[in-house]
1. When the residues of segment A:283-341 are narrowed to those that are β-branched (Val, Ile, Thr) and facing chain C (nearest Cβ under 7 Å), which ends up surrounded by the most Cβ atoms within 10 Å (Cβ to Cβ)?
2. For segment A:141-164, which residues satisfy the criterion of being at negative phi and surrounded by fewer than 24 Cβ atoms within 10 Å (Cβ to Cβ)?
3. Would you check which residues across segment C:226-250 are touching a residue at least 60 places away in the same chain (Cβ under 8 Å) and either in contact with a helix residue (DSSP H, G or I) (Cβ under 7 Å, 6 or more places away or on another chain) or of a type outside the set (S, T, N, Q) (or both) and list them?
4. Of all the residues that make up segment C:87-113, how many are buried (at least 18 other Cβ atoms within 10 Å of the Cβ) and either out of contact with any helix residue (DSSP H, G or I) (no Cβ under 8 Å at 6 or more places or on another chain) or not hydrophobic (A, V, I, L, M, F, W, C) (or both)?
5. Could you tell me whether B:His315 is in contact with a Phe, Trp or Tyr (Cβ under 9 Å, 6 or more places away or on another chain), over 27 Å from A:Arg196 (Cα atoms) and either of a type outside the set (A, V, I, L, M, F, W, C) or touching a residue at least 60 places away in the same chain (Cβ under 8 Å) (or both)?
6. For a quick check of your reading: which strands (runs of 3 or more DSSP E) sit entirely within segment B:1-82 and have at least 2 residues that are closer than 27 Å to A:Cys169 by Cβ?
7. Is it fair to say A:His116 is surrounded by fewer than 23 Cβ atoms within 10 Å (Cβ to Cβ) and within 14 Å of chain B (Cβ to nearest Cβ)?
Amino acid sequence: MTERIRESFSLAELAERFGGIVIGDGATRIRQVAPLETAGPEELSFLASRKYQKLLASTRARAVVLAEEARDATALPRIVCRNPYAYYARVAALLNPEAVPEPGVHPQAAVHAGAHVAASASVGAGAVIEEGAQIGEGAVIGANCFVGRGAHIGGRTRLHANATVYHDCVIGQRGIIHSGAVIGADGFGMAMDEGRWLKIPQIGRVVIGDDVEVGANTAIDRGALDDTVIEEGVKLDNQIQIGHNCRIGAHTAVAGCVGIAGSTRIGSHCQLGGSAMISGHLTIADHVVISGGTLVAKSIARAGTYTAVFPMSPHDEWLRNASLIRHLHEMMDRIRKLENEIRKVEEK
Amino acid sequence: MTERIRESFSLAELAERFGGIVIGDGATRIRQVAPLETAGPEELSFLASRKYQKLLASTRARAVVLAEEARDATALPRIVCRNPYAYYARVAALLNPEAVPEPGVHPQAAVHAGAHVAASASVGAGAVIEEGAQIGEGAVIGANCFVGRGAHIGGRTRLHANATVYHDCVIGQRGIIHSGAVIGADGFGMAMDEGRWLKIPQIGRVVIGDDVEVGANTAIDRGALDDTVIEEGVKLDNQIQIGHNCRIGAHTAVAGCVGIAGSTRIGSHCQLGGSAMISGHLTIADHVVISGGTLVAKSIARAGTYTAVFPMSPHDEWLRNASLIRHLHEMMDRIRKLENEIRKVEEK
Amino acid sequence: MTERIRESFSLAELAERFGGIVIGDGATRIRQVAPLETAGPEELSFLASRKYQKLLASTRARAVVLAEEARDATALPRIVCRNPYAYYARVAALLNPEAVPEPGVHPQAAVHAGAHVAASASVGAGAVIEEGAQIGEGAVIGANCFVGRGAHIGGRTRLHANATVYHDCVIGQRGIIHSGAVIGADGFGMAMDEGRWLKIPQIGRVVIGDDVEVGANTAIDRGALDDTVIEEGVKLDNQIQIGHNCRIGAHTAVAGCVGIAGSTRIGSHCQLGGSAMISGHLTIADHVVISGGTLVAKSIARAGTYTAVFPMSPHDEWLRNASLIRHLHEMMDRIRKLENEIRKVEEK
């Protein structure tokens, strides 16, 4: 773990900032957060689920954050609050502020005279910003990033090194775009004409709301005619592909390696598990959870958890059972035949 | 959608360029293309499939492109042609010409003295072009791209920002390489030697034909000894992985997130659905369609559509059925036993 | 294939370097390696498996490397050794030494005054190296790479163009990091708080051992609190996603498009097939082989090969059988009912 000298905070100071009730010595000072198993003497830990409650007995943490229901489960100094995991996230952010580069444009960046970079923004070495692009207050454009003609990067949004934003795309405020992400490449649109593919110009944009995080090497294609839209608060992990004209509803979280084909609309507050694949032109309702590895080929109209995964076995066992998948229909026919025969026997 | 002032064209002018028969007022002028549902008063729409024919009644499009069979399905000014979707692609391209940068090498690019860049080519800020590389007439090398030693980029081919072409690779004419694409990294070749992997040098190239599009963050590995070959007219979406020594046949289209393992040959005019996975050392015939999410572990000798996807259900239902997959063999045994028993009963 | 003038070696010289017994004329000179089918008159080929033995009769190779058991299978000059494929890898590396750029920092690179670059290292055009970063002896930092604040790149490690290493990450010696790889982006960690996701700072690092290869566009996330660890000798193909706090054991090989969710520990000497997906918080034993396309949702305690793949069929056949998957439970019920009925019939 990265070691730097960190400010310390007392439990009382934390409660003043983030709420919660301090039980035990409010002057107890902590410098870092850590899991119950590995926390050391200057560290704050947290209990987010009853199933880890037994770890409280042996933890070396100096203090703990926990929920009302567990308030008496330890004698350690503690903060009791409604949502210990969220509380922990806030304390972790306080103790580990992100290093933000100084405002200003690096002399080895290439900013077009017709671009507008806010005075409080930072543009790293090798970054290229084209004509008409706008970089908001406090935004950070990392080294070797590309921001195309007419694109807008919202205030306090950060593009990590080697991220790419094509022309005319829009990213809201407080966004985080990780390295290798590509926002606004052409959608996969073409017409077949006498055995050859004819490219259809992709003239829509990508429009990303506020507070969106886009993981490393994730790609979001621009729309064909209308825009591809990522609503506020969406969190995208790494290696995701989002096709043209998709709309991802607010506060939906998408895990790594997911592919979403074109023109699909995902509701808000959904969760898509890793490597899930969503076909094109579908509509997925709000609050839908898709299990990892599941291919979704039909629209989903109601909230719930949906799954499509072949269960894993040792290879030999798999071979034995998988070979029967191709005979399921025949198995069903044999069952029907048996039912008919037994009926005849019984009728006799 | 991006708004710029666009030239307008009359239906008669379009028919002169692209063929088709104008019905109604040939002087009708249009400025943009749009789907039937959202088209506005200066826009041309199209009907590519009978299933959308009912939208003709309510569309606000000024004019429509449709096939002979639907020529009388609307009273709007219209162009009747053989392939409305391809016609639409051509009109869209006419109305939305790509912005192409001015020829010349940006002062912040790094072009080796021993590289050759055509006078009509454009090299963006931060692009790096190594010794012996050749950049063809009218080619566009985007910001922060890398073109390695001895690589060839064909005439009018465009590399978008942050694309990478390793040494000695060859890209044909009129290609489009999107941001984050990596052409020519080492194939995954190694020999096991006493518990350690020994790297096998990858000394082949990637050779890409004319009119190929490579999506964002797609990777095509160089060959081990021979070349990896992408034939003319192939269209690759985003996040695709193509292993060393593959050959992808002409005019094949590959959707996002597909992985193709080494030494596999895909025929021409194939279509691979999103997230399909093709094992190594296979041969896939021409005109094969692979459904999204399908793992192909055996060669395919004849044209057709092939599928291997576990059907999705609500999670509880999935659990109930999936658990039985591991008992298919036992189910089959019980069916066989029942058949024997009923035979005995009948024989009595 | 790339053609350059190459040094030639006699079989005797090869045996002196790499061991093995020469049979036939030890003065036979070779310039390149090639497969048995395509080898030409100055080329060395190899026989790594009995199943290719028949190719020996027709090969035009000048000489062959083979195992003791096949020593008399050809009259060609040959080297007999324990592991012909590893021998071939070593000869291939000797004949095809990688082109390594001259030491020194390119004038268009941006190296922070507080970074340390070894005198024998090479830093390409457009590369950006931040404060406190250390670049080891003989390391090569490719064009437009990014090495963040405090990161360490080990001796003789090579970052190909457009690779990204975030702050504080550590890469061992003799590593190869391909283009588009992203080492150390934030893990996907967040807490739900009243309908909004709260980011959890990711303050661990990525720590990569010696002799690790990371493929093009592969992403390895930094740890949340502790580090993400890739042990020595691990080989990662392209387009892989490794979540925060994973540990990949020594000499494990991971094929393309694999996703490994957070906090999972993979043993040493494992092999994960292409597009396999491993859920989070699992433990996979040493020497486990996962078939391509398999989703692993449970820990695996013992070595062996594990598979979970729906078998492919022509689409119509698939439709017929897949529709029955959702009725497996009902099929089982009908079998049970039949068993009861037949028992009753027999009891009569």
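1. Only one residue tops the list, namely A:Val309.
2. Of segment A:141-164, the ones at negative phi are A:141-143, A:145-149, A:151-155, A:157-161, A:163-164.
Of everything in segment A:141-164, those that are at negative phi and surrounded by fewer than 24 Cβ atoms within 10 Å (Cβ to Cβ) turn out to be A:Arg149, A:His152, A:Gly154, A:Gly155, A:Arg158.
3. Kept after step one, since they are touching a residue at least 60 places away in the same chain (Cβ under 8 Å), are these residues of segment C:226-250: C:232, C:238.
Hit for segment C:226-250 is C:Glu232, nothing else.
4. Restricting attention to segment C:87-113, the residues satisfying the condition of being buried (at least 18 other Cβ atoms within 10 Å of the Cβ) are C:87-92, C:95-96, C:105-106, C:108-111.
With either out of contact with any helix residue (DSSP H, G or I) (no Cβ under 8 Å at 6 or more places or on another chain) or not hydrophobic (A, V, I, L, M, F, W, C) (or both) added as a condition, the list becomes C:87-90, C:92, C:95-96, C:105-106, C:108-111.
So the answer is 13.
5. Numbers: in contact with a Phe, Trp or Tyr (Cβ under 9 Å, 6 or more places away or on another chain): yes; over 27 Å from A:Arg196 (Cα atoms): yes; either of a type outside the set (A, V, I, L, M, F, W, C) or touching a residue at least 60 places away in the same chain (Cβ under 8 Å) (or both): yes.
Criteria met by B:His315.
6. Working: elements: B:21-23, B:43-46, B:63-67, B:78-81.
Where strands (runs of 3 or more DSSP E) fall fully within segment B:1-82 and carry at least 2 residues being closer than 27 Å to A:Cys169 by Cβ, they are B:43-46.
7. Details: surrounded by fewer than 23 Cβ atoms within 10 Å (Cβ to Cβ): yes; within 14 Å of chain B (Cβ to nearest Cβ): no.
Here the answer is no, as A:His116 does not meet what is asked.
Residue-wise test of (1) acidic (Asp, Glu); (2) touching a residue at least 40 places away in the same chain (Cβ under 8 Å).
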residue	(1), (2)
C:Gly187	no, yes
C:Arg196	no, no
C:Asp210	yes, yes
C:Thr218	no, yes
C:Thr252	no, no
C:Cys257	no, no
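The values are calculated or read from the model by the stated rules, or taken from the named source; none is laboratory data. None of these values were measured; they are calculated from a predicted model. A quick note on method: Cβ atoms are made from the backbone with ideal geometry, for glycine too, and the neighbour counts reach across all protein chains shown.
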